[in-house]
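Asks: Mind having a look at this structure? Questions to follow.
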Amino acid sequence: MGIVIITPSYRPKNLQKIVKTIDFDYVCLWVIVYDQTKIKKNPQQFKEHPQIVELIHTSPGISGNPQRNFGLDFVEFHLLTEQTYIYFLDDDNIVHPNLFKRLSTLKVNKIYSFNQIGPQNGTKCLKGTTLQNRCIDTAMVLFDSKLCQGERWQIEKYDADGIFIENIYKKNKEKHIYIDEDLSYYNKLAT
């Protein structure tokens, strides 16, 4: 079972911290999509890494939503297999170390959600029980890539993550599995 991480980015300096939290034994590809409205030229920080693809994209929209859609388009065109999961990770966050320990238990054709802890004091921010807009955050969900086909982020909505997650969940309720563990952070690199 492989994971594809999609990261929209306008803070490329954070990516050097993020890459240290990614276990490439489990992650088959990290797709970074730089926001060309803020970064004019592709920084190519990881051009020697075979499991990292750096793209640059601009189109109207907010909060990295067009870049997430571009990343999804790239993944759908190049990589979809029945053994691939999608994980969205913002460029102000890192991968929780316990997430990779759970990957051996994943089954195909599922949506997994889990809890999120705060960046500073380790307190719980959200439980991943409810896959509804304004009740779930981007980093709290893993999707079988097949379940994301045809779904896209609403480019002008700040809460597009919740809308995206809820839309996929509504079509696949019976495929949702909640893991009652802290496996994600909330904006761990935010300053």
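Asks: For the stretch 58-82, give me each residue that is open to solvent by 30 Å² or more (accessible area, probe 1.4 Å) and at pLDDT 95 or above.
Replies: Within the stretch 58-82, F70 is the sole residue that qualifies.
Asks: Another question, then. Output the residues belonging to the stretch 20-37 that are of a type outside the set (A, V, I, L, M, F, W, C) and not in a loop (DSSP other than H, G, I, E, B).
Replies: Y34, D35
Asks: Something else: On the basis of being open to solvent by less than 10 Å² (accessible area, probe 1.4 Å) and among the acidic types (D, E), does D91 make the cut?
Replies: Yes: the conditions hold for D91.
Asks: May I ask you to verify whether K41 is closer than 30 Å to E156 by Cβ and surrounded by 14 or more Cβ atoms within 10 Å (Cβ to Cβ)?
Replies: Spelling it out, it is not the case that K41 is closer than 30 Å to E156 by Cβ and surrounded by 14 or more Cβ atoms within 10 Å (Cβ to Cβ).
Asks: I would also like to ask the following. Take residues that are among the β-branched types (V, I, T) and tell me which of the strands (runs of 3 or more DSSP E) falling wholly in the stretch 108-191 contain 1 or more.
Replies: The qualifying strands (runs of 3 or more DSSP E) are 111-117, 141-144, 176-185.
Asks: Sticking with this one: When K40 is evaluated against the numbered criteria (1) in contact with a helix residue (DSSP H, G or I) (Cβ under 9 Å, 6 or more places away or on another chain); (2) under 20 Å from K13 (Cα atoms); (3) in a loop (DSSP other than H, G, I, E, B), which criterion, by number, is the only one it fails?
Replies: All conditions are met except number (1).
Asks: Could you please let me know if Q116 is of a type outside the set (S, T, Y) and in contact with a Cys (Cβ under 6 Å, 6 or more places away or on another chain)?
Replies: yes
The values are calculated or read from the model by the stated rules, or taken from the named source; none is laboratory data. The structure displayed is predicted, hence computed values, not measured ones. All Cβ positions, glycine included, derive from the backbone under ideal geometry; neighbour counts span all protein chains shown. Note: areas computed on protein heavy atoms with side chains; ligands, DNA, RNA excluded. Shrake-Rupley method; radii C 1.70, N 1.55, O 1.52, S 1.80 Å.
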